[in-house]
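Inspection log for the structure reproduced underneath, given as structure tokens.
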Amino acid sequence: MGEEQNFLRFTCFVDRTDQDLLMTKSRTASCSELKSAREGYEQLRLAHVKSETVLPSCKFPADYMGVWYNTANYDSEVTINDTHMIEVTKPNQGKPETVYYVCDESKGTRYMVAKLGIGGCQVDYMCFDFVRRHHSVIRYRQGRLYPLGDFRSVCTWSSFDNNPRWKYQVLVSVNPVAINCPIRGMFFFEQSGQTRLTVRDGVTKFPFDPLLECTKRNQQLSICPDSPDTIKIDMNKCDTLDYRARNVNYKYEILDYKWRCIAWWSEDTNGQLYTYDPEDGFSKYRCWVYQRDEYGQISLSRSHKDSCGLWQTPHDDVTPENLNLKLVLKNAERQCN
């Protein structure tokens, strides 16, 4: 602008939808000379400037410190220290988004924080209601945004979700520690749903011993005293017994799944369980809802992602909330087990 020629008074900019900090500028008002966000008359690289600073006035509990995975946002990592929460979200398209939460005032389980975004000048205030840390998870719920930092307004109970079937959201530790599972024993199971369990490590190679014959096979889930923190699943378990009532092929079984229990609690008359499987290609963390139907039968349902659905029950196999697997466990323990 400011040139004598009209065609030089205006310019055209081209940027990328997934990289808004990179753009090119044309020499004239025509955009035809711009080929992409990297090819043009002049290339610009922008950088966010954090313009607002809020000093902390309170501290988070000491056992909250660490790095957590936020199951409420897909692929979101939260780092918590004494006074700050830093959340980095990685969307499928675009650059990672960083949000800062500064502890401003606390009372009981409620913490009023100042929300600072890198790309804006406005400071918003919101309230977090935390449940005391339980194993490797932190349960919480967050309220609405407010422009002013008045604790009585921001952290009033009416600022939270008023859905009658609300549930706490969950932060899971990036480095979870296994604990004893709430279920113990050996079970045969039946499964239903969209994503069923299959033989992961391949069919057991036979014969190891040509004299051993297996005439009956089942799907077995076991949580045994030698590893009470691990759920073991064998999709091709040999159930044939010898004359001593022992499994004829017990030495040569190959486990298909190993899920480590990292947290469990009771909520809405049902039990919730979080498991960790580093070999799961979709999500390392899985949320289960379980319930004991009778003395020898337990029902479980698994969510499609890493958080349990609002309407999820142990007896569902497919719901609108992407619940994709249901297991019905039936007691299969024997004297020799």
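List of remarks:
- Over region 216-296: Kirkwood hydrodynamic radius from C-alpha pairwise inverse distances, Å: 14.7 Å
- Listed by chain and number, the lysines whose C-alpha is less than 25 Å from the C-alpha of Lys232, apart from same-chain residues fewer than 8 away, are Lys205, Lys216, Lys251, Lys258, Lys284, Lys305, Lys326, Lys330.
- Solvent-accessible surface of the chain, taken per residue with a 1.4 Å probe and all protein chains present: 57 Å².
- Cα-based values for region 56-108, radius of gyration first and Dmax second, are 12.3, 39 Å.
- Here is the size of region 44-196 from its Cα atoms: Rg then Dmax, 18.4, 63 Å.
- The order of the peptides 306-315, 56-65 by mean Cβ neighbours within 10 Å, most packed first, is 306-315, 56-65.
- Order by protection proxy (mean Cβ within 10 Å, highest first), peptides 160-173, 230-243: 230-243, 160-173
- Heavy-atom accessible surface of the chain: percent carbon and sulfur, 1.4 Å: 48 percent
- If you plug the beta carbon distance of Ala62 and Ser192 into 1/(1 + (r/R0)^6) with R0 = 35 Å, you get a FRET efficiency near 0.20.
- From the alpha carbon centroid of region 217-290 to that of region 22-79 is 42 Å.
- Hydrodynamic radius of region 124-206 per Kirkwood, over alpha carbon pairs, in Å: 17.5 Å
- Two-decimal Rg/Rh across region 73-138, once Rg and the Kirkwood Rh are taken from alpha-carbon atoms: 0.99
- Size of the chain: Rg and Dmax of its alpha carbons, in Å, are 27.3, 103.
The values are calculated or read from the model by the stated rules, or taken from the named source; none is laboratory data. As the structure is a computational prediction, the values presented were derived from the model and not from experiment. Glycine also receives a Cβ, built like all others from the backbone with ideal geometry; neighbour counts cover every protein chain displayed. To get the accessible areas, we keep the full protein, side chains included, count just its heavy atoms, and leave off ligands, DNA and RNA. Shrake-Rupley method; radii C 1.70, N 1.55, O 1.52, S 1.80 Å.
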